[in-house]
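Below is one structure, written out as structure tokens; comments come after it.
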Amino acid sequence: MHKPLSGNRVVAMSHIVMGPSAGMLLAFLGAEVIKVEPPEYDKTRHVTGMGSEFYPTFNRGKKSVPHDVKGPNSLLLCTT
């Protein structure tokens, strides 16, 4: 089945609900979504209780890479 966004790459630098939801939808539509996280990773990875399914649900279908956007080597290069 052809997905309309196949062949597109998206860099996601978001957290909480709306950003991850948008990235999840783009991945579902076929885009390659690369989630940029802080070096200590997204804090929602370690949520317990009722929120424990947040990270796996809203970040499925994405690739993840840690990157310190506040550090001295904070240049983020994206290629197509």
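The values are calculated or read from the model by the stated rules, or taken from the named source; none is laboratory data. In this text the structure is predicted, and so the values were computed from the model without any measurement. A quick note on method: Cβ atoms are made from the backbone with ideal geometry, for glycine too, and the neighbour counts reach across all protein chains shown. Note: accessible area is taken over every heavy atom of the protein model, side chains too, but ligands, DNA and RNA are not part of it. Shrake-Rupley method; radii C 1.70, N 1.55, O 1.52, S 1.80 Å.
Of all residues in the range 34-46, how many are of a type outside the set (D, E), out of contact with any Gly (no Cβ under 7 Å at 6 or more places or on another chain) and open to solvent by less than 60 Å² (accessible area, probe 1.4 Å)? Give the derivation first.
Kept after step one, since they are of a type outside the set (D, E), are these residues of the range 34-46: 34-36, 38-39, 41, 43-46.
Narrowing the set further to residues that are out of contact with any Gly (no Cβ under 7 Å at 6 or more places or on another chain) leaves 34, 36, 38-39, 41, 43-46.
Keeping just the survivors that are open to solvent by less than 60 Å² (accessible area, probe 1.4 Å) gives 34, 36, 38, 44.
Within the range 34-46, residues that are of a type outside the set (D, E), out of contact with any Gly (no Cβ under 7 Å at 6 or more places or on another chain) and open to solvent by less than 60 Å² (accessible area, probe 1.4 Å) number 4.
Does F58 satisfy being touching a helix residue (DSSP H, G or I) at 6+ places or on another chain (Cβ under 8 Å) and open to solvent by 30 Å² or more (accessible area, probe 1.4 Å)?
Working: touching a helix residue (DSSP H, G or I) at 6+ places or on another chain (Cβ under 8 Å): yes; open to solvent by 30 Å² or more (accessible area, probe 1.4 Å): yes.
Yes.
Residue pairs, Cβ under 7 Å, 6 or more apart or interchain, first in the range 42-54 and closer than 21 Å to M13 by Cα, second at pLDDT below 85 and open to solvent by 50 Å² or more (accessible area, probe 1.4 Å). List them.
D42/H15; T44/H15
Please determine, by comparing only the residues of the range 12-33 that are touching a strand residue (DSSP E or B) at 6+ places or on another chain (Cβ under 7 Å) and surrounded by fewer than 17 Cβ atoms within 10 Å (Cβ to Cβ), which one is nearest to H2 (Cα to Cα). Walk me through how you get there before you give the answer.
Filtering the range 12-33 for residues touching a strand residue (DSSP E or B) at 6+ places or on another chain (Cβ under 7 Å) gives 12-13, 19, 23, 26-27, 31-33.
Right, trim to surrounded by fewer than 17 Cβ atoms within 10 Å (Cβ to Cβ) and you get 13, 19, 32.
Working: M13: 27, G19: 25, E32: 14 Å.
The qualifying residue nearest to H2 (Cα to Cα) is E32.
Do any residues in the range 1-30 that are at negative phi and assigned to a loop (DSSP other than H, G, I, E, B) have Cβ atoms under 6 Å from those of residues that are loosely packed, with under 12 Cβ neighbours inside 10 Å and not aliphatic (A, V, I, L, M), where the two are at least six apart or on different chains, and which pairs are they?
The qualifying pairs are L29/P4.
How many residues does the range 1-35 contain that are among the aliphatic types (A, V, I, L, M) and at pLDDT below 90?
Taking the range 1-35 as the starting set, the residues that turn out to be among the aliphatic types (A, V, I, L, M) are 1, 5, 10-13, 16-18, 22, 24-27, 29, 31, 33-34.
Now narrow it down to the ones that are at pLDDT below 90: 1, 13, 16-18.
Within the range 1-35, residues that are among the aliphatic types (A, V, I, L, M) and at pLDDT below 90 number 5.
Being modelled with pLDDT under 95 and among the polar types (S, T, N, Q) is the requirement here; does N59 meet it? Before you say what the answer is, go through the steps one by one.
Working: modelled with pLDDT under 95: yes; among the polar types (S, T, N, Q): yes.
Yes, satisfied.
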